[in-house]
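Presented below is the structure to which this report refers.
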Amino acid sequence: MSYKEFSGTALDHLHNLMAGRVVRGEVPGMVTLISRHGEVHVDAIGSKKMGSHDPMQRDTIFRIASMTKPMTAAATMLLVEDGKLQLDESVERLLPELANRSVLRRLDGPLDDTVPAKRAISVRDLLTFRMGIGIVMAAPDSTPILRAMSGQLLGQGPPTPAMTPEPDEWMRRLGALPLMHQPGERWTYNTGADVLGVLVARASGRALEALLHERIFEPLGMKDTAFSVSADKIGRFATSYGPNIKNGKFEVYDEAAGGQWSRPPAFPSGGAGLVSTADDYLAFGRMLLNKGRHGNKQIMSPSSVELMTHDQLTLQQHATAGMILDKSRGWGFGMAVVTTEDELFGHVGRFGWDGGLGTSWASDPSEDMVGILLTQAAWTSPVPPPVYRDFWTAAYQAIKT
């Protein structure tokens, strides 16, 4: 096959790099996708399950974890376009559990050592992860607030759809805790997306999955994206693995059949709950690259996409993001945005996000390019693993000048 947009030799190099990671046992399998100017190259390598002869396929379904966040942000912006939400309104109208917030004096202090919040949490705060509470990169029992969040199953670790309580109870538990920081003061990862999932469900009067299906998945033809995998698709679902810290070997995190994603969850996590495929996510990533347009349909307004895909953080807020964003990336609505040219993260203006269970997506306006890496091997830290570095480096090398 000849390619107009990609170098065949460089695509072979990309395949060999990725296949090498599989042969060495670093990941059981993967699906890679790169698309530019409408040309799409997909490669499926390895197996869906370790030790099996069930090969990866182009339509294999993966747990995309935090790649859920951009879709939740997009649903929020659609409701802003509808007039059902306003970016700078308080969330208290629909989330009374978050009214009259108190804030810890010290992050490591007792839960009753607080001061009143200086202002209410806004919808924009949730989209930009500045609501004042979220994941902290520390041991889950290292401070009282982290012990409380972990004990209440409020999303301090990997996604656990089979254990997380239903949305009203989840909000009740979150509302019983103080914030870590004043609203708008710092960037704190993750929790804002889960709160957004509850907010948009209440604002629309629809379950989150029904809203996403109606406004995003169906219009984009994303037929395999959902919060669970139905019985007729379970054969296309990859087993999920996490590393054993002691011996470095993979352990099963979640089986396909009978696992946590094999039935609808009580809490559809707007932060990390979806499963998807490479082609489904390409449709979403390409729609954002096309300023909200998909074929002859305008899915989102260009102004909504503009807000989502441009850095929203101040220098002070960016300084609080630490290793999760790195020095070269800011945060838009539900996704990272490259703000400084970077060897790993690419051109200024590139936007996208990754999933801690082993996935990555980015759209690059300067190259009209979408890249997607789907594996079933969880990351061990916020620092991207070698397979991520290999994929993105080789993907850019494959572009014909």
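Each reported figure results from applying straightforward, stated rules to the coordinates on display, with no laboratory input. This is a predicted model, so every value here is computed, not measured. Here the Cβ positions follow ideal geometry from the backbone for every residue, glycine too, while neighbour counts run over all protein chains shown.
Taking each DSSP H run with n ≥ 4 as -39500 (n - 2.57) and averaging over every residue of the chain yields -8000 deg cm²/dmol at 222 nm.
In loop segments of the range 304-401 as defined by DSSP, the trypsin sites (Lys or Arg not before Pro) with at most 15 further C-beta atoms inside 10 Å of their C-beta are Lys327, Lys400. Taking the longest Cα principal axis of the chain as reference, the axis of helix 69-82 is set at about 60 degrees.
For the range 244-345, applying the loop criterion from DSSP together with a ceiling of 16 other beta carbons within 10 Å to the GluC sites (Glu not before Pro) yields Glu255, Glu341, Glu343. When +1 charges are put on Lys and Arg Cβ atoms and -1 charges on Asp and Glu Cβ atoms, the dipole computed for the chain relative to its Cα centre reaches about 200 debye. Extent of the range 71-189 along its three principal axes (Cα atoms, max minus min coordinate, largest first): 43, 36, 23 Å. The alpha-carbon of Lys48 sits under 15 angstrom from the alpha-carbons of these aspartates and glutamates, leaving out residues fewer than 8 places away in its chain: Glu26, Asp59, Glu251, Asp254, Glu255.
Simple spin-label estimate for Ala207 and Val23 gives 4.6 nm between the two label positions (7 Å along the Cα-to-Cβ direction from each Cα). Sparsely packed loop sites in the range 154-200 (the trypsin sites (Lys or Arg not before Pro) outside DSSP H, G, I, E and B with at most 15 other Cβ atoms within 10 Å) do not occur. With the alpha-carbon atoms of the chain aligned to their principal axes, the span from lowest to highest coordinate is 63, 47, 40 Å, starting with the largest.
Using the Cβ-Cβ distance between Asp112 and Glu92 with R0 = 25 Å, the FRET efficiency computed as 1/(1 + (r/R0)^6) comes to roughly 0.65.
Using a cut-off of 18 Å between alpha-carbon atoms, which aspartates and glutamates can reach Lys327, once sequence neighbours fewer than 8 places away in the same chain are excluded? Output for Lys327: Asp311, Glu341, Asp342, Glu343, Asp354.
If R0 equals 51 Å, the separation of the Cβ atoms of Glu166 and Ser7 corresponds to a calculated FRET efficiency of about 0.50. Centroid-to-centroid, using Cα positions, the range 1-51 and the range 245-309 are 20 Å apart. Given the options Trp170, Leu153, Ser102, identify the residue whose Cα lies farthest towards the positive end of the charge dipole of the range 72-204 (+1 on Cβ of Lys, Arg; -1 on Cβ of Asp, Glu). Going by the charge dipole, the pick is Ser102. Between helix 8-23 and the chain there is an angle of about 70 degrees, using the helix long axis and the longest principal axis of the Cα atoms.
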